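Worksheet for the structure shown next.
Just so it is clear, none of the values below were taken in a lab; they were calculated from the coordinates. None of these values were measured; they are calculated from a predicted model. Ideal geometry is used to build each Cβ from the backbone, glycine not excepted, and the neighbour counts take in all protein chains shown.
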Amino acid sequence: MAGRIRTAVLPVAGLGTRFLPATKAIPKEMLPVVDRPLIQYAVDEALAAGIENIVLVTGRNKAAIEDHFDRSPELDRVLESRGKERELEAVSRIVPEAGRISYTRQPDALGLGHAVWCARELVGNEPFAVLLADDLVLADVPCLKQMIEAAADTGGSIVAVEDVPREHTSRYGILDVGADDGRLVEVRGLVEKPDPADAPSTLSVIGRYVLMPEIFGHLGAMDRGAGGEIQLTDSMAKMIGHSPFHGLRFSGRRFDCGSKAGFLEANIAFALARDDMRDAATKLVRTYAAGAPPAAGSA
Ligand code: G1P
């Protein structure tokens, strides 16, 4: 039985070069899917999974993220005076209880493993979660909640996994798979971004992790891996065999919002999943799929 998982680390220090020029002056984590920034989905998912402490690992030019999770008295006053209760509620509910969100900086872009290591003092010596806001998951039960529930049975570390086409293995951390009951798989090894020919399987890690604190010791060695970066995957691999390590085929659909096509798809899927957007989104998708743009102003 794993200890209670109280803290989630969200690395948000990346430059977002794939979305330039949109990300020239705003962090990529602030790009909206429908009407919420990516980072808010990740924080909401963590809170819905029972997480109490959110740690954001930021970098330069990420102030908009801190402002997003803070009160905005001027905005509150304007919304109040205009009787915009719904909007006021929407902006107020974003702000976590004081002291439940912390920020630390990753001073140099040395890789995902290094970003997680930067949070070590804020996590302490207990199991914790990591969420990558680029990976957006649409699910009835939040993906991290599924993982924390699974970890209560398995103990140890858990990564969320999904099958990818073999030609895509070089984009992900890939599992070497042991026992597999169709939902939970025993992780025998992990490789970061292997060539399709060398990949031990096609089961890829998505940006959701439940990790034992021993990972910080491995990360602290600062070994460089794929792309010359300090990789989270390499330190996870060192924990295999010392404590239980599983992959969870989560239920839900994952969107790679680090790519333009994935980001567009997430916008369509999330709009279709929302009661207030479904009709408009369905109409638009149908009309464009039929090859005809809708009449002006019809949305
Ligand atoms: C990171 C991890 C990789 C994982 C992926 C999930 O890669 O290093 O193991 O599969 O996230 O999105 P990145 O997308 O930062 O290149």
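Applying the criteria of a DSSP loop state and at most 10 other Cβ atoms within 10 Å to the trypsin sites (Lys or Arg not before Pro) of region 90-191 yields 93. In order along region 125-141, phi translates into HN-Hα couplings of 8, 8, x, 8, 10, 10, 10, 9, 5, 4, 8, 9, 10, 9, 8, 5, 9 Hz, rounded to whole numbers, per the Karplus curve 6.51 cos²θ - 1.76 cosθ + 1.60 with θ = phi - 60° and x for Gly and Pro. The calculated FRET efficiency for residue 4 paired with residue 85, based on their beta-carbon distance and R0 = 41 Å, is about 0.70. The amide H of residue 206, built 1.01 Å from its N in the peptide plane, has 160, 161, 162 as neighbours under 5 Å, considering only residues 5 or more places off or on other chains.
Our coupling estimate for region 259-266, obtained by passing each phi through the Karplus curve with A = 6.51, B = -1.76, C = 1.60 and θ = phi - 60°, is 10, 5, 5, x, 5, 5, 4, 4 Hz, Gly and Pro reported as x. Restricting the GluC sites (Glu not before Pro) of region 153-248 to loop positions (DSSP other than H, G, I, E, B) with no more than 11 neighbouring Cβ atoms within 10 Å leaves nothing.
How high is the FRET efficiency between residue 180 and residue 251 when r is their beta carbon distance and R₀ equals 25 Å, given to the nearest 0.05?
Working from the Cβ atoms, E equals 0.95.
Taking amide H as placed 1.01 Å from N in the peptide plane, the amide H of residue 246 sits under 5 Å from that of 157, 158, 159, 187, each at least 5 places away or on another chain. Each Cα pair under 8 Å and six or more residues apart adds its sequence gap; the mean of these over the residue count of region 182-299 is a relative contact order of 26 percent. Note on residue 226 and residue 36: their simple-model spin labels are 2.9 nm apart, each label 7 Å out from Cα toward Cβ. Helical runs (DSSP H, four residues minimum) scored at -39500 (n - 2.57) apiece and divided by the length of the chain put the mean residue ellipticity at 222 nm at -8500 deg cm²/dmol.
The H on the amide N of residue 177, modeled in the peptide plane, is under 5 Å from the matching H of 188, each at least 5 residues off or on a different chain. Each part reduced to its alpha carbon centroid, region 238-277 and region 135-171 end up 8 Å apart. Projecting label points 7 angstrom from Cα along Cα→Cβ for residue 272 and residue 92 puts them 3.6 nm apart. The phi torsions of region 221-236, fed into the Karplus equation with coefficients 6.51, -1.76 and 1.60 and a -60° offset, translate into couplings of 5, 6, 5, 8, x, 3, x, x, 9, 7, 8, 4, 4, 5, 6, 4 Hz, rounded to whole numbers, with Gly and Pro shown as x.
Of the trypsin sites (Lys or Arg not before Pro) in region 1-90, the ones in a loop by DSSP (not H, G, I, E or B) with at most 14 other beta carbons within 10 Å are 4, 24, 60, 71, 82, 84. Gain on full extension, evaluated as 0.36 nm per residue between residue 279 and residue 20 minus their Cα-Cα distance, stands at 90.1 nm. Per residue, the average separation of C-alpha pairs within less than 8 Å and at least 6 apart gives region 126-256 a relative contact order of 40 percent.
Annotation for region 181-236 versus region 1-49: alpha-carbon center distance of 20 Å.
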